[in-house]
Amino acid sequence: MMYFSGRTLAYQRVREITPEPELLYRELSLILVEAAATQPALQRCPVFAHLDPELETSLCEVLAAALEREVRVLDPQLKRFAGGAAIGLPAGGAVLAALGAAERLMRR
């Protein structure tokens with residue numbers, strides 16, 4: 001989970017967990033309690049997510065419930081970077097992590 005204030009990374013927490021709804025909800029709840037102490041604006045910011053397409057529906061529901069707001073799922077095909085053409089990469093965990101890193105670099 002990363003929280004950006006403007007273009008600056010203000011909070012980051014990385015932990016590998018299984019994509020089970022109960023575990024994800026519990027982990028997000030703990031993160032939000034921890035982050036609220038130092039980043040109160042985190043409770044009001046918009047939420048964007050890179051999700052594995054196979055898990056997108058269930059994880060999006062868990063995220064929305066834990067964060068108590070709408071979650072906008074980002075397109076893993078990088079259409080805006082590839083001139084509108086799909087690049088044909090599988091949207092698995094490693095690809096989604098790389099997409100997140102690429103987006104952070106492009107915002108600098």
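The values are calculated or read from the model by the stated rules, or taken from the named source; none is laboratory data. Note that the coordinates shown come from a computational prediction; the quantities given were computed from them, not determined experimentally. Here the Cβ is made from the backbone with ideal geometry for all residues, glycine too, and neighbour counts use every protein chain on show. Note: areas computed on protein heavy atoms with side chains; ligands, DNA, RNA excluded. Shrake-Rupley method; radii C 1.70, N 1.55, O 1.52, S 1.80 Å.
What the table shows:
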read-out: Subset tally (residues that are open to solvent by 80 Å² or more (accessible area, probe 1.4 Å) and assigned to a helix (DSSP H, G or I)) for the range 41-56; value: 1
read-out: Residues of the range 1-31 satisfying the condition of being among the hydrophobic types (A, V, I, L, M, F, W, C) and not in a loop (DSSP other than H, G, I, E, B); value: Met2, Phe4, Leu9, Ala10, Leu23, Leu24, Leu28, Leu30, Ile31
read-out: Matching residues, the range 5-18, being of a type in the set (D, E, K, R), exposed (fewer than 11 other Cβ atoms within 10 Å of the Cβ), over 16 Å from Leu51 (Cβ atoms) and free of Cβ contacts under 8 Å to residues at least 40 places away in the same chain; value: Arg15
read-out: Count of residues meeting criterion [modelled with pLDDT of 70 or more, assigned to a loop (DSSP other than H, G, I, E, B), more than 13 Å from the chain's Cα centre (by Cα) and on the phi < 0 side of the Ramachandran plot] in the range 57-81; value: 1
read-out: Residue tally, condition open to solvent by 70 Å² or more (accessible area, probe 1.4 Å), under 15 Å from the mean Cα position of the chain (by Cα) and without any contact (Cβ under 8 Å) to a residue 40 or more places away in the chain, over the range 19-34; value: 0
read-out: Count - residues of the range 59-72 that are touching a Phe, Trp or Tyr at 6+ places or on another chain (Cβ under 8 Å), closer than 17 Å to Pro19 by Cα and open to solvent by 20 Å² or more (accessible area, probe 1.4 Å); value: 1
